Amino acid sequence: MKIQEITPIVLSSKEKGAATWASTMIVVKVETTDGMVGYGEAVPTLRVSQVFSALKQVSKGFMGQEVERVERNYHRWYTQDFYLSRSFESATSLSAIDIALWDLLGKELGAPLNKLLGGKFRDEVPVYANGWYKDCVTPQDFSVRAKEVVGKGYKGLKFDPFGAYFDWIDERGLKQAEERVKAVRESVGDEVEIMIEHHGRFNANSAISIAKRLEKYNPLFMEEPVHHEDIEGYRKYRSHTQVRVAMGERLIGLKETLFYLREGLVDILQPDITNVGGVTVGRKVASMAEAFDVEIAFHNAFGSIQNAVSIQLASVIPNLVILENFYDWFPKWKRDLVRNGTPVENGRVKVPDRPGIGVEVDEELLEELRADPVPLEVSDEPVWVVGGTWRGY
């Protein structure tokens, strides 16, 4: 079965999500010579037009190749792109195509992805809520919304309590952050896991001050407490804190991941299947983390195809701790795109057994939502934050 056509499709709608980046998807449709279709997903963020263009170029390295040779196809592009290890656009394009090829392989064999990867380690995947705190600013805002989340059956929730602080934080910011975290902890109780999202934006000294203020609330982890590339900052943070560190959503390859593991900078790894190298590399990253006694909590924040493949991969690995989930806070069209194929019930998702990535894509809706790959508007509130939270009180 050979690859005949690869089509990048930008999706958008008037119905927006919890953040600017959540209101767009980049879907990759791969068609074969015998009429089969597979789907993957690439990362939008602020680079919708750039990723769309990159997909057009990366696709040329796959045309006419055999779908079943997923490992060889990955290395074919690795051979071609001299800057793959430094190019987010190339890495997410490669990842999206790789996901679509695994989807096709599963459909060809009539098996869900989990069976191709060794079978289920678990029948249901535990998930935590993200995106739930849109427009939350005061401790009361966070408290009320957190109770609603737990009322839906979630046993874990993640949030960013830092407002508009970036790189450094002062006493006022520390006080506000602590009040928000305290409000959430008191509203959900001690049996629910809370996770503190830093969005990789602080220097080491500020991150250490944050950890000392918030560790008493027993967070499951502190996510990206310092800038991703700040290796010395991570080392300093590790030597001055006792909290668990989660990071990895910005990793774009196997060997880059190895560096953070070998240096002992991470307790819970968060690779993103849509930019680390698709299923082909994502499975290797999880196994490598297992060898370092590091647990996995896949980053899973963009769209419903990414969510579907993340559930499949999360179901087969022994070292999963929990999976990120935006599903209930997606704009409705993202759920409709996969015919609501991955609902969350009591904080868990039953692993779908449909062939491929486990969901059926609504092709009519796909065409209806098709949009031009235009640059996103830039405002004072960055696109990576949950909307309406970039402020103090």
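Nothing in this text is a laboratory measurement; each read-out follows from the coordinates by a stated rule. Computed from a predicted model, the values in this text were never measured in an experiment. Note that we place each Cβ from the backbone using ideal geometry, even for glycine, and neighbour counts take in every protein chain shown.
Table for the structure above
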item	result
Loop GluC sites (Glu not before Pro), the range 46-85 (other Cβ atoms within 10 Å of the site Cβ: 16 or fewer; DSSP)	E68
Leading residue at positive end of dipole, the range 115-357 (Cβ point charges), from S239, M195, L116	L116
Qualifying trypsin sites (Lys or Arg not before Pro) in the range 55-119, DSSP loop, other Cβ atoms within 10 Å at most 15	K60, R69
About the Cα centre, charge dipole magnitude for the chain (Lys/Arg +1, Asp/Glu -1 at Cβ), debye	440 debye
Charged-residue dipole, Cβ positions (Lys, Arg, Asp, Glu), the range 247-321 about Cα centre, Debye nearest 20	260 debye
Under 10 Å, Cβ to Cβ, from M247 - net charge with Lys/Arg +1 and Asp/Glu -1	-3
For the range 250-344, Kirkwood radius (reciprocal of mean inverse C-alpha pair distance, Å)	13.6 Å
Directionally averaged projected area (convex hull, Cα atoms, the chain), nm²	17.3 nm²
Residue-count net charge about G61 - beta-carbon cut-off 9 Å; Lys, Arg +1, Asp, Glu -1	+1
Of the DSSP H helices in the chain, those whose Cα atoms cover at least 27 Å axially and whose Kyte score averages 0.0 or more	88-109
Karplus (6.51, -1.76, 1.60) ³J(HN,Hα), θ = phi - 60°, over the range 297-302, in Hz, Gly and Pro reported as x	9, 3, 5, 8, 10, 9
Selection from L214, P352, T389 lying farthest towards where the dipole of the chain points positive, charges on Cβ	L214
Loop-resident sites, the range 88-161, for GluC sites (Glu not before Pro), counting at most 11 other Cβ within 10 Å (DSSP)	none
